[in-house]
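Everything on this sheet refers to the single structure shown next.
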Amino acid sequence: ALGAAAASDGGILTVPENGFTSVNLALTPGRGGACSTRSTHPATFRQVNGVLSAAKIPVRVVNPHADETKGQMVRKAAKAPGFQSIAAETISCSKLDGRTYLHGNPNAHCGLCVACIVRRAAFVAAGIQDETDYLVDLLPADSRALLVKRRRSDIDAVVKATTVIPSIAQIDSRLVAAAMWADETERRAAARVYRRGLQEIAHVQLP
C-alpha cells in the first residue's frame, strides 16, 4: 500500500522476491499458516493489482524474479562490484533472536531458520563465498546446542522436504490445493522454480 501510494502518479512497483519463497508451499503437512505465508505469491499480486485497478490507481505491482530461485538471483547480483561484502550486511533471518543466547549477537542471522537455509543455499548454488555471520557458526557449544534445539522443527522440515525431491506433477497437485492460479502455464512455471529451490536447499549441511 505504501509503495502504491509512492508510485500513485503511474508506473510499476517492483517487489523483487525469488520464486521459491513466493510460492512458499508448506515443507511438511504440519507447516501451514504463519510458516507458509503467501505475501508475494502470484495470486496475491493478481489480487492486489485487481484492487488497484478497481480503485483507478494507475500502478501495477510486479515480481520480475518469479521464475528464479534465490540462487539464480544471487548469481546475477554477484556480477556487481563488492557484492559479497554488501550481501553479508543484508538481513534474511526470520528469527533474529541472537540476544537470547549467551555470547549471542542480536544482529546476526541464526543460520538455521528456513529463511537462513534458503539464503545459505543461494550462495552455494551461485558458487559464491558466503561472508554472512551466522550464530550457528559463532556461538559456543552450549548456546549452539540451544539454538539447534529451538530450530529443530525448521531443520527437520527442510530435511524431510528434500530427502526425496518431488516431481513436477506432485508439486503441481500441491500448488492447486494451496492457492488460485491464473492458468496452468503459470502454475507449471511455479512448480519448476519450486523444485529447483528444493534442490538448492538440499545442499545445505544441517546439524
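The values are calculated or read from the model by the stated rules, or taken from the named source; none is laboratory data. All of these numbers come straight from a predicted model, not from anything done at the bench. Here Cβ is always computed from backbone atoms with ideal geometry, including for glycine, and neighbour counts include all displayed protein chains. Each accessible area value is taken on the protein alone, full model and side chains, heavy atoms only, with ligands, DNA and RNA left out. Shrake-Rupley method; radii C 1.70, N 1.55, O 1.52, S 1.80 Å.
Listed here are the residues, each with its yes/no results for (1) among the aromatic types (Phe, Trp, Tyr); (2) open to solvent by 20 Å² or more (accessible area, probe 1.4 Å); (3) at pLDDT 95 or above; (4) over 14 Å from residue 95 (Cβ atoms).
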| residue | (1), (2), (3), (4) |
| --- | --- |
| 129 | no, yes, no, yes |
| 134 | yes, no, yes, no |
| 137 | no, yes, yes, yes |
| 140 | no, yes, yes, yes |
| 146 | no, yes, yes, no |
| 150 | no, yes, yes, no |
| 154 | no, no, yes, no |
| 158 | no, no, yes, yes |
| 165 | no, yes, yes, yes |
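Go through (1) under 21 Å from residue 190 (Cα atoms); (2) part of a loop (DSSP other than H, G, I, E, B); (3) among the polar types (S, T, N, Q) one by one and return the number of the condition residue 170 breaks.
(2)
Of all residues in the stretch 174-207, how many are exposed (fewer than 14 other Cβ atoms within 10 Å of the Cβ) and not charged (D, E, K, R)?
Count: 8.
Quick one: is residue 48 over 17 Å from the mean Cα position of the chain (by Cα) and surrounded by 13 or more Cβ atoms within 10 Å (Cβ to Cβ)?
Yes.
Here are some conditions: (1) open to solvent by 40 Å² or more (accessible area, probe 1.4 Å); (2) farther than 25 Å from residue 200 by Cβ; (3) modelled with pLDDT of 95 or more; (4) of a type outside the set (Gly, Ala, Ser). Residue 72 meets all but one. Which one does it not meet?
(2)
Being outside any helix (DSSP H, G or I) and within 13 Å of residue 4 (Cβ to Cβ) is the filter here, so list the residues in the stretch 45-86 that pass it.
Within the stretch 45-86, 55, 56, 57, 58, 59, 60, 61, 62 qualify.
Test of understanding: among 114, 136, 118, which residue is among the β-branched types (Val, Ile, Thr) and farther than 22 Å from residue 72 by Cβ?
Criteria check complete, one pass: 136.
Here are the criteria: (1) modelled with pLDDT under 95; (2) assigned to a loop (DSSP other than H, G, I, E, B); (3) out of contact with any Gly (no Cβ under 6 Å at 6 or more places or on another chain). Tell me which single one residue 106 does not satisfy.
(3)
Looking only at the stretch 6-31, filter to residues that are more than 30 Å from residue 55 (Cα to Cα) and surrounded by 12 or more Cβ atoms within 10 Å (Cβ to Cβ); which one of those is modelled with the lowest pLDDT?
31
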